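Structure record follows, encoded as structure tokens.
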Amino acid sequence: MTTSPDPHDSGLVPTDEAAATRRFERVSGLDHEGLAVLSKEELLLSWWSFFWLHPELHPDDAEVWPDDVSDARHLASEACRRYRAGEITDGEYYPTEAVRDRIEQARTRRS
């Protein structure tokens, strides 16, 4: 049985809020065409960073995300397109480890 690589080792999980913000802001102003030419790695870094910043949201609900994250809707559309095309996997599309890491950091700070 093969195990999946640790997302922390892959660099997909941001180290902190500043890193997540930088990663997301690199693509937040891009339109559909700009996002379509991003490498898979660039897309996933920003995608995972977005969910690190907003762990309360879910990829499948992008159409009803609040207006304050409307700058991420193009990113969500591109990630969904690539997911449906088989270009990114379930584990890449659903950034569970980024969400868990953010929640764990928040718990640690409160303790």
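Only one of the listed residues (Tyr94, Tyr83) is over 12 Å from the mean Cα position of the chain (by Cα), surrounded by fewer than 18 Cβ atoms within 10 Å (Cβ to Cβ) and at pLDDT 95 or above. That residue is Tyr83. From the list Glu25, Glu63, the one residue that fits, being at pLDDT 95 or above and out of contact with any helix residue (DSSP H, G or I) (no Cβ under 7 Å at 6 or more places or on another chain), is Glu25. Taking the criterion of being part of a helix (DSSP H, G or I) and at pLDDT below 95, would at least one residue in segment 30-42 satisfy it? There is at least one residue in segment 30-42 that is part of a helix (DSSP H, G or I) and at pLDDT below 95. Condition first: over 14 Å from Pro14 (Cβ atoms), part of a helix (DSSP H, G or I) and either in contact (Cβ under 8 Å) with a residue 24 or more places away in the chain or in contact with a Phe, Trp or Tyr (Cβ under 6 Å, 6 or more places away or on another chain) (or both). Now tell me which residues in segment 89-109 satisfy that. Within segment 89-109, Gly91, Glu92, Tyr93 meet the criteria.
Criterion applied to Ser70, Ser49, Ser77 was being under 17 Å from Val99 (Cβ atoms), among the small types (Gly, Ala, Ser) and in a helix (DSSP H, G or I), and the one residue passing it is Ser49.
If you go through segment 28-70 and keep only what is surrounded by 15 or more Cβ atoms within 10 Å (Cβ to Cβ), over 16 Å from Tyr93 (Cβ atoms) and in contact (Cβ under 8 Å) with a residue 24 or more places away in the chain, you end up with Ser28, Leu30, Leu53.
The values are calculated or read from the model by the stated rules, or taken from the named source; none is laboratory data. Computed from a prediction, not measured in an experiment: that's the story for all the values here. When we count neighbours, we look across all protein chains shown, and the Cβ atoms used for this are built from the backbone with ideal geometry, even at glycine.
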